[in-house]
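Structure, as structure tokens:
The values are calculated or read from the model by the stated rules, or taken from the named source; none is laboratory data. Quick caveat: nothing in here was measured; it's all calculated off a predicted structure. All Cβ positions, even for glycine, are placed from backbone atoms using ideal geometry, and neighbour counts span all protein chains on display.
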Amino acid sequence: MKKTALYIALFHIVACGQPKDVESKVIYSDIDLFWNAFDQILLVEDSLDQLRLLDSLYLEKGSPGLHKILEVKNYYAADYIKLIRNHPEFWKSIRKNTLRTKSISDELNKGIENLRTVYPKLKPAKIYFTMGAMRTNGTTQDSSVLIGSELAMADSSIDISEFEGRTKQWLKNYFATNPIENIVLLNIHEYVHTQQKEMPGNLLHIVLYEGIAEFVSVKAMGVPSSTPAVEFGFGNSAVKRKFQKEMFYERTYDWLWSSAPNEFEIRDLGYYIGYALAEIHYEKSKDKKKAIQELIELDYKNKETVDSLIDACNFFSKPIQELRIEDEKARPKIKSINSIGENFNEVNPNTTEISFEFSEPLNGLHTGVNYGEMGDKAFPKILEANWSEDKRIWTLMVELKENHSYQFYITENFRNEEGLPLMPYLLEFKTISK
């Protein structure tokens, strides 16, 4: 009886000493799975055998978080094998760092509790440390934080000699910041995203969405932002002036999630814009917890509410609506659409060309068409495209079906000689039966 009682007591201590919700917040089982697969892959030379090993030892056995990051970033087994074959020294050098995930789980759980302190309504979420194919250091899906440990766990000592060009330069700059030292802050940033409403679809609101996550994570952890763009933006007023000119553009890659070249030579400057707006809203609010709640729970589907919050910050030189009107007046537009008739619901399926006349000559270099909400089924078969001599008209040679609905965008990738992008235009029409 004494042994039984002692066993029960010990079981109670082991099982209940740490709350179950704390135990399950951070999952790092994918790390060991990956390195087991990696070791086996290096023992074979045939690429098909390598693919089978990665599938069976890593992808198929992976956590729900691994399966989510595969979906979000469109990772395939072939992506991993290509990276492993072409950059073995990189993988060998990052291995030690990624194995530290076990030791930092306690820090992460403390960080989550810090976040709960500034935002008591915190909903449960899980953090998954995965090994990705170098397209993200961290992202989210639903209530899951998905960490790409091959990037997020790096530091300046990692071997990037096998990379080339812009990729190598970006890795050099990013790894020089020793991201592993800020891994807790990164995770709390991503954890905030799991609490926010659906990400918006326009650049101005997206930078606010990202900036709020960065600001709230900084307030929760009591440390400065580790994003170089934030410090740089606060010291360079030209960043705000340039963003004000481009805030209604659709080209998010100029401001977020990209190493696209810019005049400041600093990536992701949109984070600064959103961070600054969040900070202003917070500082002018008497009730700080309420301010944090308002920021996190901002409903981006209600554009008027979001614009009102931004306007109240007095960050830009004019109210958003005035700046939007100025932007629309300044940019080139589609003046008319020729060759398909006046009734877009009764277009002849024998039509072979669609011509777009612009309000001014464009540069004749940049073009762009894209799917509408109806997707590829509503996209016409395009045979070729050409410009008029004066660059005022752009014509698509098409092949249309009868009794079919079409929908596609003429995008802002079209630009005038000064580089101003075209106002996007959604064309919808329907062909009749022959």
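At a glance:
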| item | result |
| --- | --- |
| Selected residue (only one of Gly222, Gly165, Gly211 is of a type in the set (Gly, Ala, Ser), at positive phi, out of contact with any strand residue (DSSP E or B) (no Cβ under 7 Å at 6 or more places or on another chain) and at pLDDT 95 or above) | Gly222 |
| Odd one out for Ile340, checked against (1) β-branched (Val, Ile, Thr); (2) closer than 13 Å to Ile212 by Cα; (3) more than 28 Å from the chain's Cα centre (by Cα) | (2) |
| Answer residue from region 249-293, given it is part of a helix (DSSP H, G or I) and of a type in the set (Val, Ile, Thr) and is surrounded by the most Cβ atoms within 10 Å (Cβ to Cβ) among those | Ile273 |
| Helices (runs of 4 or more DSSP H) wholly inside region 81-188 that include at least 1 residues being surrounded by fewer than 15 Cβ atoms within 10 Å (Cβ to Cβ) and without any contact (Cβ under 8 Å) to a residue 60 or more places away in the chain | 88-98, 101-118, 165-176 |
| Breaking point among (1) surrounded by fewer than 13 Cβ atoms within 10 Å (Cβ to Cβ); (2) within 22 Å of the chain's Cα centre (by Cα); (3) assigned to a helix (DSSP H, G or I); (4) of a type outside the set (Gly, Ala, Ser), for Asp307 | (1) |
| All positions within region 384-434 that are small (Gly, Ala, Ser), at pLDDT 95 or above and not in a strand (DSSP E or B) | Ser388 |
| Conditions (1) part of a helix (DSSP H, G or I); (2) under 28 Å from Leu122 (Cβ atoms); (3) of a type outside the set (A, V, I, L, M); number of the one not met by Arg324 | (2) |
| Search result, residues across region 233-249 that are more than 24 Å from the chain's Cα centre (by Cα) and either farther than 22 Å from Asn202 by Cα or charged (D, E, K, R) (or both) | Gly235, Asn236, Ser237 |
| Residues of region 189-207 that turn out to be part of a helix (DSSP H, G or I) and surrounded by fewer than 24 Cβ atoms within 10 Å (Cβ to Cβ), as a count | 7 |
| Hey, Leu48 in a helix (DSSP H, G or I), surrounded by 13 or more Cβ atoms within 10 Å (Cβ to Cβ) and aliphatic (A, V, I, L, M) or not | no |
| Residue in region 415-432 that is among the polar types (S, T, N, Q) and surrounded by fewer than 17 Cβ atoms within 10 Å (Cβ to Cβ) present | no |
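Quick grid of which residues meet (1) in contact (Cβ under 8 Å) with a residue 12 or more places away in the chain; (2) surrounded by 15 or more Cβ atoms within 10 Å (Cβ to Cβ); (3) more than 29 Å from Gln196 (Cα to Cα):
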residue: Lys333; (1), (2), (3): yes, no, yes
residue: Ile340; (1), (2), (3): yes, yes, yes
residue: Val347; (1), (2), (3): yes, yes, yes
residue: Thr352; (1), (2), (3): yes, no, yes
residue: Gly364; (1), (2), (3): yes, yes, yes
residue: Gly375; (1), (2), (3): no, no, no
